[in-house]
Amino acid sequence: MGKIAASHLERKACVYVRQSSMVQAQHHRESTQRQYNLRERAITLGLRAGQVEVINEDQGQSALRARPQPPRHPAWENESGPTETR
């Protein structure tokens with residue numbers, strides 16, 4: 001299975017679609033669509049659809065209202081937060 005272990009497939013995955021202004025969301029749809037496609041990629045890699053959550057509540061909001069970091073998610077309550085993989 002490569003770099004994805006069975007233990008990875010037991011966890012929930014969250015796809016955070018980064019904040020975009022209304023203009024960016026309207027004129028750069030390819031970038032936004034690629035981010036949403038990460039959900040389908042996770043499913044292709046073996047996660048069940050119910051395990052993959054998309055977080056996108058700040059789409060189309062001004063950068064002045066944007067959070068300085070991605071939102072805290074309940075799945076991370078007992079962890080140090082989202083982890084970066086390479």
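Structure notes:
- Whole-percent pair-distance distribution, where bins are 5 Å wide, for the alpha carbons of region 6-60: 4, 20, 26, 20, 13, 10, 5, 2, 0
- Cβ-Cβ distance of HIS28 and ALA49, R₀ of 30 Å, FRET efficiency by 1/(1 + (r/R0)^6): the value works out to about 0.70.
Coordinate-derived values only; no laboratory data. Everything numeric in this text was worked out from a predicted model, so none of it was measured. Don't worry about glycine lacking a Cβ; one is built from the backbone with ideal geometry, like all the others, and counts go over all protein chains shown.
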